[in-house]
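Okay, so here's the structure we're looking at.
The values are calculated or read from the model by the stated rules, or taken from the named source; none is laboratory data. Since we're looking at a predicted model, the values are computed, not measured. No Cβ is skipped: glycine too gets one built from the backbone with ideal geometry, and neighbour counts run over all protein chains shown. Ligands, DNA and RNA are excluded from the accessible area calculation, which covers all protein heavy atoms including side chains. Shrake-Rupley method; radii C 1.70, N 1.55, O 1.52, S 1.80 Å.
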Amino acid sequence: MLLKVSCNAAVAAYAGDQIQAQCRVLGQSPTRPNFPRRRRAVVFSSPVAKAPLVQAVVSEGRASRVESGSGGLADRLRLGSLAEDGLSYKEKFIVRCYEVGINKTATVETIANLLQEVGCNHAQSVGYSTDGFATTTTMRKLHLIWVTARMHIEIYKYPAWSDVVEIETWCQAEGRIGTRRDWILKECATGQVIGRATSKWVMMNQDTRRFQKVSDDVRAEHLVFGPRELRLAFPEDNNRSLKKISKLEDPAQHSRLGLVPRRADLDMNQHVNNVAYIGWVLESLPQEIIDTHELQAITLDYRRECQHDDVVDSLTSLEPIKESGAVSELRGINGSATATANNQECLNFLHLLRLSRDGLEINRGRTEWRKKPAL
């Protein structure tokens, strides 16, 4: 990608990996390098306007178009936009080297962060507030915010470093006090669906911390940007996103105690970020599972807010299975979770996050793991 940004007669060049940036004064026409044909964005901004006018020249091959507006530079460079009907939002992301884990593929935390990013960008693109709560005008007047109630993610294929992923998202109503947001993840190179996700959000009064019914005014402001007919990322009957999570009973088979939120775990609203809970849930999983399996689905029910000074315990046990009307626990030999009934390759776990001081439940979770593919 070639990026040119105007400035006052300053010229800077960087040579490496065929990446070049130039600064120039509007109106000049320096010789263009002979790069291979590819999609390029050339962005200009006026240094004299009070509210800088941004012009983006987007070209593919020999065809190009000019887009002008007073939006921020980030809006012009972001690889995302509303769909043609304006009822969903799509954005492309490149998997960075620091977003992959020991399997040399994106981690589930990376996937969850991208879902959060595209959801926030969608809210921003339709004019919701940028204060971190994605609130409408009426919500801000009444001190109302959205909080996550449930998150379900399924990953069919993990993208690798430098892969490009396209994520589509949209919002719809969910009951009297909530809304839902769905996502579909595709591999850009093939168009293959590599993941899906859905979430439920409830409305809360920011001052009283009590749930509140979605008023007609808020519903009208919010749902104007969503599909007119019900559209679900998981339209199948009895799909895993609908499954109730059983409570994990003591004593848990595996635990990690005394987890403390880092400063980096706090979001712009001074609360522990939703993605941090995923990491805490996985902390108590046996290492032999991490070595031999990969996560294919995770469901989290959020039950209590976690503050920066809370201490958290993470508990994990294999999920009991029902066989001929009876409940059979999948317990491994000598406490090892890798030995399972009938040599099943997929394993299901129940998880619980609770406050160390009083045992109050923060988060209830369920994960499904498949055998890692042979290299």
How high is the FRET efficiency from Trp161 to Glu117, r the C-beta distance, R0 25 Å, rounded to 0.05? 0.90
Provide the FRET efficiency to the nearest 0.05 for the Ile102-Ala264 pair, computing r from the beta carbons and using R0 = 25 Å. 0.80
Return the distance in nm (one decimal) between the two label points of a simple spin-label model at Lys247 and Asn205, each offset 7 Å from Cα along Cα→Cβ. 2.8 nm
Need one number for the range 164-286: average projected area of the convex hull over its C-alpha atoms, nm². 11.7 nm²
Stretched out fully, how many nm does the piece from Leu223 to Thr137 gain, at 0.36 nm a residue minus the Cα gap? 29.6 nm
Starting at the first residue of the range 272-278, write each ³J(HN,Hα) from the Karplus equation 6.51 cos²θ - 1.76 cosθ + 1.60 with θ = phi - 60°, in whole Hz, x for Gly and Pro. 5, 4, 4, 5, 4, 5, 4
Under a crude label model (7 Å from the Cα following the beta-carbon direction), how far is Ser356 from Asn238 in nanometres? 4.3 nm
Accessible area (Å², 1.4 Å probe, nearest 10) - Tyr156: 90 Å²
Amide H to amide H under 5 Å from Leu266: which residues, 5+ apart in sequence or cross-chain, H placed 1.01 Å off N in plane? Asn273
Centroid-to-centroid separation of the range 120-184 and the range 240-276 [C-alpha atoms, Å]: 20 Å
Whole-Hz couplings from phi, Karplus 6.51/-1.76/1.60, listed for the range 297-312; x for Gly and Pro: 7, 9, 10, 10, 9, 8, 10, 7, 6, 10, 9, 5, 9, 7, 10, 10
Got a sec? What order do Arg181, Arg263 fall in by accessible area at 1.4 Å, biggest, i.e. largest, first? Arg263, Arg181
Got a number for the accessible area of Asp75? Probe 1.4 Å, square angstrom, nearest 10. 80 Å²
When ligands, DNA and RNA are left out and all protein chains stay put, how many square angstrom of accessible area per residue does the range 164-221 have with a 1.4 Å probe? 48 Å²
Step through the table entries Lys92/Lys200; Lys200/Lys372; Lys104/Lys372; Lys157/Lys372; Lys157/Lys243, compare each Cα-Cα distance with 18 Å, and write down the pairs that go over it. Lys92/Lys200; Lys200/Lys372; Lys157/Lys243
Accessible surface of the range 175-293, 1.4 Å probe, proportion on carbon and sulfur as whole %: 49 percent
Quick one: go through the range 163-197 and flag any residue whose amide nitrogen is under 18 Å from the point 7 Å out along the Cα-to-Cβ line of Arg231. 166-174, 179-187, 192-197
Provide the per-residue ³J(HN,Hα) series for the range 173-188, in order, calculated from phi with Karplus coefficients 6.51, -1.76, 1.60 and θ = phi - 60°, each as a whole number of Hz, with x at glycine and proline positions. 6, 8, x, 7, 10, x, 9, 10, 10, 10, 9, 10, 10, 10, 7, 5
